[in-house]
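K.L.:
Provided herewith is a single structure, encoded as structure tokens, for subsequent inquiry.
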Amino acid sequence: MSGSQKNFKDEIENLMHEIEKHDEAYYVQDAPTVTDAEYDVLFRKLQKLEAEHPELASPLSPTKRVGGKALEQFKKSKHGVPMLSLANALTEEEFTAFDERVHRFIEIEESRKLEYFAELKFDGLSINLVYEHGILTRAATRGDGEVGEDVTENIKTIRSIPMKLHTEHPPEKIEIRGEIVLPVRDFLRLNQNQINKGEKTFANPRNAAAGSLRQLDSKITASRPLTGFFYGVGEVVGFELPKTISEFENQLKAWGLPVGQWRKVCHGAKEVIEFYKEIESLRETLPFEIDGVVVKLNAFSLQQTAGFIARSPRSMIAFKYPPQKSVTLIEDIQVQVGRTGALTPVAIVSPVNVSGVIVKRATLHNQDEINRKDIRIGDHVVIQRAGDVIPEVVEVLKDKRRGDERRFFIPDTCPVCGSPAVRPEGEAVARCSGKNCIAKLKERIKHFAQKDAINIEGLGDKIVDQLVDAGLVKHLSDLFKLSYDDVLSLEGFAEKSAHKLLNAIESARTPELYRFIYGLGIRHIGETSAKLLAQHFKSFKKLVNANTDDLLLVDGIGDEMAKSITHSFEGKEYIDELENLLEFVTPIEPKASGESQVFAGKTFVLTGTLPTLTRSEAEKMIEDRGGKTSSSVSKKTDFVLAGAEAGSKLEKAQALGVRVISEEEFNQLMK
Ligand code: IVH
């Protein structure tokens, strides 16, 4: 390295270090040390130096936190140690019973107070971070507890999470567990933005956090102000854990990870209950949502002794708070028409603040619920938000009635198209029977266009309403017949935005088969069952031609679903409409991989850069042939596929005697 190279390298490192310090002060300590403008200057300087000297840029640079190339799908990631769940206590009695149980399991007399560690139960999305030699190498969602989704790129955009632990002596490997959350204020702001863009809003901060983290495009995640709190440990290699969780959290904090600010070592159940009550009184004022406190035996050794029951540690419990309630007035009851024509009564209430969210509507579910609770227009009611923004009416305050309250009955005709509403025997819901109901059409289009279905980007609710109201779209297929002038004629559109929408419609014409099936909005067919159907039938035509018996052969498809599918494909009108639609949309059928399953049961680990294949290409080839890929080498690994600059994985493979192959040998094996 030349002298000037060395200077640049030092300068880059110094800047990185300085920015990381400011990031930690801002995002973790909540105590900024520089102004935004000063920070920007440093950040741009670093970006510029890295652009001029790419060979000196570090993958750990804070400039890498802005998100990168979008993924096609998330890779699976197996946790070193499974991520378990917690048992709940909903009352003080249930908590006391937990305390007594713990005494029994660790064989300590009941009169002796146990040392518990109590902290907040963050209402977010659990995450497993893997640090190897102090460097963040992987981050995965909980998934089914054994295997989650690899969201490393997205986690790297969260600035409160260090890319490198602040220590000279990091563990060889450690799994750190925590929760990703979106603060309530940012959640409200995000929803407002979604509304402005005509996109779907999130039901609650937890869903918003999950939706933001599970973005294939990490640039979107980077634009969402997520943060996290860390509290747990999974696999540990080359590091001696402290004796207690409270000390472990101090360790996490010293490493630069955010930990909850409200936590306490409690002696005995009584102190825990005091802490629980203290936090309950603070709950409304916390910047993020919590749904309880988590109480854990503080000593790791005693946690071991207590053991596990089913998938939960016996030494811990989620001591939950009841859902938050408020009293408000029902000003009106309206009926919403859903995609399948379901008529849902919704109470329009005087705006009221329920745990930080302003509530204006509450669902009343159906007529039976209205009757059972005797809900009337003009009633004062207790509403409860159990996590979701749309709360429900739990109780009518009958003492407050003045006599002018009005009963409500769901009309027997659709409030939008006037067709008769039909309520089949044994069902709670009445549905609009209109074939050309505009409300149903709008909902069907919204469902069809959404991200999880065929994904017409930018076709938000408002635009769908406009298109239908203007008579431009009467069937799903009409979306693809829209002309530039049609779109331009809508309020709010200009040249650029009209082209943008038409391009988005054009790009949505080749959805994956399951997304197309899901998008059709067949009753009872959600994303998961759509996937099963696509995998099984492989072609849309085969699905349409399947009878109930054929459908029941699909693992995971039950009676109700099968009937709903055949029922949907019965009508001539519907089939005509589908045929029209298929002139514009070509669902991509899942490949019968067709490859011989030469790698069935084999596990591969990829390392280094291969001469011609990208990592995801190689992974796909392995999976298509029945093999699996894993991110770490163990005795169970069958092959390590190694390219240039393979690092520690190669060494580990050699140490364990695992077969190492080159791309060329890999190609040979496939033959
Ligand atoms: S400890 C065995 N501590 O709650 C699992 N979990 O209902 C140990 N959670 O899956 C988890 N805040 O995602 C723990 N302070 C906290 C938590 C917490 C939120 C979540 C976590 C867990 C779920 C269980």
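The values are calculated or read from the model by the stated rules, or taken from the named source; none is laboratory data. Everything numeric in this text was worked out from a predicted model, so none of it was measured. A quick note on method: Cβ atoms are made from the backbone with ideal geometry, for glycine too, and the neighbour counts reach across all protein chains shown. Calculation scope for accessible area: heavy atoms of the full protein, side chains included, ligands and nucleic acids excluded. Shrake-Rupley method; radii C 1.70, N 1.55, O 1.52, S 1.80 Å.
K.L.:
Sort out which residues of the range 307-322 are on the phi < 0 side of the Ramachandran plot and more than 12 Å from the ligand (Cβ to nearest atom), and write them in order of number.
P.N.:
Within the range 307-322, Y321, P322 meet the criteria.
K.L.:
Starting from residues that are among the charged types (D, E, K, R) and within 16 Å of the ligand (Cβ to nearest atom), keep the ones in the range 212-239 and report whichever is nearest to Y131 (Cα to Cα).
P.N.:
The extreme case among them is E235.
K.L.:
Now, a different point. Answer yes or no as to whether G143 is crowded, with 16+ Cβ neighbours inside 10 Å and within 15 Å of the ligand (Cβ to nearest atom).
P.N.:
For G143, the condition - crowded, with 16+ Cβ neighbours inside 10 Å and within 15 Å of the ligand (Cβ to nearest atom) - is met.
K.L.:
If you check F248 against the conditions, is it touching a Pro at 6+ places or on another chain (Cβ under 6 Å) and within 13 Å of the ligand (Cβ to nearest atom)?
P.N.:
Yes; evaluated as a whole, the condition is true for this residue.
K.L.:
Restricting attention to the range 69-103, which residues are open to solvent by less than 30 Å² (accessible area, probe 1.4 Å), assigned to a loop (DSSP other than H, G, I, E, B) and closer than 25 Å to R615 by Cα?
P.N.:
F74, H79 - these are the residues of the range 69-103 that are open to solvent by less than 30 Å² (accessible area, probe 1.4 Å), assigned to a loop (DSSP other than H, G, I, E, B) and closer than 25 Å to R615 by Cα.
K.L.:
What single numbered condition from (1) modelled with pLDDT of 90 or more; (2) of a type in the set (D, E); (3) within 12 Å of S61 (Cα to Cα) fails to hold for E20?
P.N.:
(1) is the only condition that E20 fails.
K.L.:
Let me ask another. Do any helices (runs of 4 or more DSSP H) lying entirely in the range 226-318 carry at least 2 residues that are closer than 21 Å to T96 by Cβ and open to solvent by 30 Å² or more (accessible area, probe 1.4 Å), and which ones are they?
P.N.:
268-282, 300-306
K.L.:
Moving on to the next point. Can you tell me which condition S507 does not meet? The list is (1) within 26 Å of the chain's Cα centre (by Cα); (2) more than 17 Å from I454 (Cβ to Cβ); (3) not hydrophobic (A, V, I, L, M, F, W, C), and all the others hold.
P.N.:
(2)
K.L.:
On to the next question. Just to check your reading of the model, which residue among E619, E623, E573, E577 is open to solvent by 70 Å² or more (accessible area, probe 1.4 Å), under 30 Å from L543 (Cβ atoms) and either in contact (Cβ under 8 Å) with a residue 40 or more places away in the chain or in a loop (DSSP other than H, G, I, E, B) (or both)?
P.N.:
E573
K.L.:
With the checklist (1) open to solvent by 20 Å² or more (accessible area, probe 1.4 Å); (2) touching a strand residue (DSSP E or B) at 6+ places or on another chain (Cβ under 9 Å); (3) within 22 Å of A653 (Cβ to Cβ); (4) at pLDDT below 85 in hand, flag the one item P590 doesn't pass.
P.N.:
Failing condition for P590: (3).
K.L.:
For D399, all conditions in the list (1) open to solvent by less than 80 Å² (accessible area, probe 1.4 Å); (2) over 28 Å from the mean Cα position of the chain (by Cα) hold save one; what is the number of the exception?
P.N.:
(1)
K.L.:
Looking at (1) over 21 Å from T363 (Cα atoms); (2) open to solvent by 50 Å² or more (accessible area, probe 1.4 Å); (3) over 26 Å from the mean Cα position of the chain (by Cα), find the lone condition where R406 falls short.
P.N.:
All conditions pass for R406, except number (1).
K.L.:
State whether one or more residues within the range 174-195 are more than 15 Å from the ligand (Cβ to nearest atom), part of a strand (DSSP E or B) and open to solvent by less than 10 Å² (accessible area, probe 1.4 Å).
P.N.:
Yes; the residues of the range 174-195 include at least one that is more than 15 Å from the ligand (Cβ to nearest atom), part of a strand (DSSP E or B) and open to solvent by less than 10 Å² (accessible area, probe 1.4 Å).
K.L.:
Same structure, new question: Under 7 Å between Cβ atoms, at least 6 apart or on separate chains: pull out the pairs that start in the range 467-478 with a residue that is closer than 20 Å to T586 by Cα and end on any residue that is open to solvent by 30 Å² or more (accessible area, probe 1.4 Å).
P.N.:
Correct list of pairs: H475/N580; L476/R444; S477/N580; S477/F584; D478/L472.
K.L.:
Would you please name the residue that is nearest to the ligand (Cβ to nearest atom), looking only at residues in the range 323-338 that are buried (at least 16 other Cβ atoms within 10 Å of the Cβ) and at pLDDT 90 or above?
P.N.:
Taking the candidates together, the pick is T328.
K.L.:
Could you count how many residues in the range 46-55 are open to solvent by 30 Å² or more (accessible area, probe 1.4 Å) and of a type outside the set (D, E)?
P.N.:
4
K.L.:
Can you tell me which residues in the range 146-173 are in contact with a strand residue (DSSP E or B) (Cβ under 6 Å, 6 or more places away or on another chain), among the charged types (D, E, K, R) and more than 16 Å from the ligand (Cβ to nearest atom)?
P.N.:
Result: D150, K164, E172, K173.
K.L.:
Pairs under 7 Å by beta carbon, first residue modelled with pLDDT of 90 or more and more than 6 Å from the ligand (Cβ to nearest atom) in the range 75-86, partner among the basic types (K, R) and open to solvent by 50 Å² or more (accessible area, probe 1.4 Å), six or more apart or different chains?
P.N.:
Correct list of pairs: M83/R142.
K.L.:
Let me ask something additional. When the range 353-383 is examined, which residues are found to be outside any helix (DSSP H, G or I), out of contact with any Asp or Glu (no Cβ under 8 Å at 6 or more places or on another chain), open to solvent by 20 Å² or more (accessible area, probe 1.4 Å) and not charged (D, E, K, R)?
P.N.:
N353, I358, N366, H380
K.L.:
Still on this model: Every residue in the range 113-171 that is assigned to a helix (DSSP H, G or I) and hydrophobic (A, V, I, L, M, F, W, C), please.
P.N.:
Of everything in the range 113-171, just one residue is assigned to a helix (DSSP H, G or I) and hydrophobic (A, V, I, L, M, F, W, C), namely I155.
K.L.:
Within the range 107-137, take every residue that is of a type in the set (S, T, Y) and touching a residue at least 12 places away in the same chain (Cβ under 8 Å) and give me the one that is most open to solvent (accessible area, probe 1.4 Å).
P.N.:
Within the range 107-137, the match that is most open to solvent (accessible area, probe 1.4 Å) is T137.
K.L.:
Tally time: how many residues in the range 1-32 are outside any helix (DSSP H, G or I) and open to solvent by 90 Å² or more (accessible area, probe 1.4 Å)?
P.N.:
Final tally of qualifying residues: 3.
K.L.:
Conditions first: (1) modelled with pLDDT of 95 or more; (2) surrounded by 19 or more Cβ atoms within 10 Å (Cβ to Cβ); (3) touching a strand residue (DSSP E or B) at 6+ places or on another chain (Cβ under 6 Å); (4) of a type in the set (A, V, I, L, M, F, W, C). L213 passes all but one, so which condition is the exception?
P.N.:
Going through the list (1) modelled with pLDDT of 95 or more; (2) surrounded by 19 or more Cβ atoms within 10 Å (Cβ to Cβ); (3) touching a strand residue (DSSP E or B) at 6+ places or on another chain (Cβ under 6 Å); (4) of a type in the set (A, V, I, L, M, F, W, C), L213 breaks only (1).
K.L.:
Same structure again: Of (1) within 26 Å of S58 (Cα to Cα); (2) within 16 Å of the ligand (Cβ to nearest atom), G134 satisfies all except one. Which?
P.N.:
Of the numbered conditions (1) within 26 Å of S58 (Cα to Cα); (2) within 16 Å of the ligand (Cβ to nearest atom), the odd one out for G134 is (2).
K.L.:
To continue, here is another question. Taking the range 544-570 as the search range and keeping residues that are surrounded by 13 or more Cβ atoms within 10 Å (Cβ to Cβ) and of a type in the set (D, E, K, R), which one is farthest from I445 (Cα to Cα)?
P.N.:
Taking the candidates together, the pick is D550.
K.L.:
Could you grab me the full set of residues in the range 509-526 that are touching a residue at least 60 places away in the same chain (Cβ under 8 Å), buried (at least 19 other Cβ atoms within 10 Å of the Cβ) and assigned to a loop (DSSP other than H, G, I, E, B)?
P.N.:
P511, L520, G521
K.L.:
Suppose we filter A439, A421 for residues that are in a helix (DSSP H, G or I) and in contact (Cβ under 8 Å) with a residue 40 or more places away in the chain; which single one remains?
P.N.:
Of A439, A421, the one residue that is in a helix (DSSP H, G or I) and in contact (Cβ under 8 Å) with a residue 40 or more places away in the chain is A439.
K.L.:
Could you run through the range 445-495 and say how many residues are open to solvent by less than 50 Å² (accessible area, probe 1.4 Å), in contact with a helix residue (DSSP H, G or I) (Cβ under 9 Å, 6 or more places away or on another chain) and either of a type in the set (G, A, S) or part of a loop (DSSP other than H, G, I, E, B) (or both)?
P.N.:
15
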